[in-house]
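The block underneath contains the structure these notes are about, expressed in structure tokens.
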Amino acid sequence: MITVEQIALAGVVGAGGAGFPTHIKLSGKADTVVINAAECEPLLHKDKELILHRTEIFVEGLARAMQLVGATRGVVGIKKKYVPVIETLRPKLVSGMEIVLLDDAYPSGDEFILVYESLGRVIPPGGIPLAVGVVVMNVETAYNVAVAPNPVTKKFVSVAGSVEHSGTLCVPLGTSLRECVNAVGGVTIADPAFVVGGAMMGYIETDLSKPVTKTTGGIIVLPQDHFVVQRKRWDWKKTVRVGRTACDQCSFCTELCPRNLLGHPIEPHRAMRSLGFNLSARSDVPGTVFCCECNLCSYCSCPEGLDPKNVCAENKRRLLENKQRWENPPFRPERANQQMINRKTPTTRLIQKIGLAGYPNKAPLDDRQLDVRNVVLPLRQHIGAPCVPVVQTGNIVHVGQLIAERPLTNGKPALGADIHASIAGTITEITQESIRISA
Ligand code: SF4
Ligand code: SF4
């Protein structure tokens with residue numbers, strides 16, 4: 001049987017974007033493990049492809065997670081429209097495991113929404129799934145749990161948008177974004193922008209030499225004048241100027257906010273109202289700390305095309321910086337049953353609204369082994385402290401060899417995840433931020 005310590009030594013982190021060390025999560029006790037297979041970021045498909053093509057390994061990862069946390073129930077939350085994936089998975093599930101079919105809505109992959117949709121349990125504001133007896137894991141994280149004690153050295157990445165053949169690659173960690181884009185045939189437009197992590201919650205990357213990390217889920221290539229690219233380029237000044245002048249307090253952002261629909265006290269229209277009192281939104285709106293930054297309000301719900309998400313995010317950042325916590329916030333979990341069902345945002349509508357309807361919405365797994373000659377492995381690819389190199393320039397390393405480990409705090413490894421060589425070669429550079437290996 002695998003142990004939590006072996007998973008720690010394998011460097012497994014949440015592969016869905018957050019990068020929380022998995023061994024910490026699996027140290028808790030829960031009655032249910034929920035696998036997040038919703039993958040609701042438009043055009044990304046790596047989780048479905050992984051279930052489809054690595055089914056047994058994925059199921060083994062779920063079984064191990066259940067065993068470690070003492071869960072008797074394992075739930076795979078997946079959108080009901082992915083029929084071939086569901087049909088492949090269902091016969092492979094073992095005792096205690098089940099599939100929960102989700103509506104095609106955004107953001108059903110938000111873990112608070114997922115836990116409610118899968119189990120009918122509402123995680124309280126500021127809480128974690130464990131508060132309702134649940135551990136949530138991403139599909140690829142479960143895969144990496146199954147592969148342990150072999151360390152995490154590869155990453156599944158969907159590459160989509162204006163590329164020759166959208167697809168999902170399995171690349172060594174530290175591969176450059178450029179190599180991923182070239183591997184699917186390159187870009188098909190003259191002046192591309194690169195969105196890393198997903199159209200809704202990702203960011204624009206201008207340096208394609210940046211590496212794929214343990215949390216990189218996708219690369220979407222779009223024209224510079226595309227809605228998504230333009231919106232991600234709004235700066236704070238524009239958010240404030242436009243928000244102050246154009247917000248009519250219609251409250252649509254609040255009425256459709258998924259966290260508000262769960263009964264959490266997040267009300268983005270109030271955050272927008274605070275803009276009217278001064279230019280930097282210094283009137284704090286405490287409920288903003290419960291915003292999951294899904295961008296639904298900014299990209300879809302607001303009829304004026306304003307940016308409530310970033311107003312919430314700015315408020316939230318300042319509140320956390322000032323260590324202002326809202327003790328015992330009001331919580332109305334019954335709202336989920338009353339409102340959620342009628343106010344889901346269909347993904348198809350979202351895709352149309354943000355201008356992605358013209359792109360192939362598929363990314364089949366391309367199982368080729370890329371001949372990657374150089375990788376750059378950041379020392380922090382996870383939540384927690386950066387790792388400390390245990391190799392020196394000139395050392396020769398093999399795939400899977402430990403190259404950086406969690407620093408010690410009071411004699412124990414700090415929160416974080418060890419890092420291993422993803423290709424065989426020579427350590428050619430060590431900086432404060434990363435380690436480079438050349439084949
Ligand atoms: S930000 Fe948009 S949706 Fe929200 S209250 Fe203002 S105008 Fe309405
Ligand atoms: S980004 Fe907007 S819709 Fe999403 S949780 Fe925050 S306030 Fe709600």
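On the basis of the beta-carbon distance and an R0 of 41 Å, residue 241 and residue 338 show a calculated FRET efficiency of 0.65.
With 10 angstrom as the radius, rank 420, 382 by how many other C-beta atoms surround their C-beta, starting from the fewest.
On the way: 420 23, 382 27.
Least crowded to most crowded, the residues run 420, 382.
For region 300-345, GluC sites (Glu not before Pro) are listed when DSSP marks them as loop and at most 12 other Cβ atoms sit within 10 Å of their Cβ; the list is 327. The peptide list 426-433, 169-176, put in order of mean Cβ contacts within 10 Å with the highest first, becomes 169-176, 426-433.
Hey, could you get me the Stokes-Einstein D for region 374-438, Kirkwood radius over alpha-carbon pairs, 10 °C and 1.306 mPa s, rounded to whole µm² s⁻¹? Walk me through the numbers on the way to the answer.
Values: Rh = 11.7 Å.
Estimated diffusion coefficient is 136 µm²/s.
The trypsin sites (Lys or Arg not before Pro) of region 205-236 that meet both conditions, a loop assignment by DSSP and at most 15 other Cβ atoms within 10 Å of the site Cβ, are 233. Sorted largest first, the spans of the alpha carbon positions of region 283-439 along the three principal axes are 60, 48, 28 Å. Annotation note: trypsin sites (Lys or Arg not before Pro) in region 61-116 located in DSSP loop regions with a Cβ neighbour count of at most 12 within 10 Å are 80.
Hydrodynamic radius of region 236-342 by the Kirkwood approach over all distinct alpha-carbon pairs: 13.8 Å. By the rule of a second cysteine Cβ within less than 4.7 angstrom, the chain holds isolated cysteines at 40, 170, 180, 247, 250, 257, 292, 294, 300, 302, 387.
Among the lysines in region 184-315, how many pairs, 8 or more places apart or on different chains, have alpha carbons under 25 Å apart? Walk me through the intermediate numbers first.
On the way: 210/232; 214/232; 232/309; 237/309; 238/309.
Taking region 184-315 as the scope, the lysine pair count is 5.
The numbers here are math on the coordinates, done by the rules we state, and not lab data. Since the model is a prediction, treat every value here as computed from it, not as a measurement. All Cβ positions, glycine included, derive from the backbone under ideal geometry; neighbour counts span all protein chains shown.
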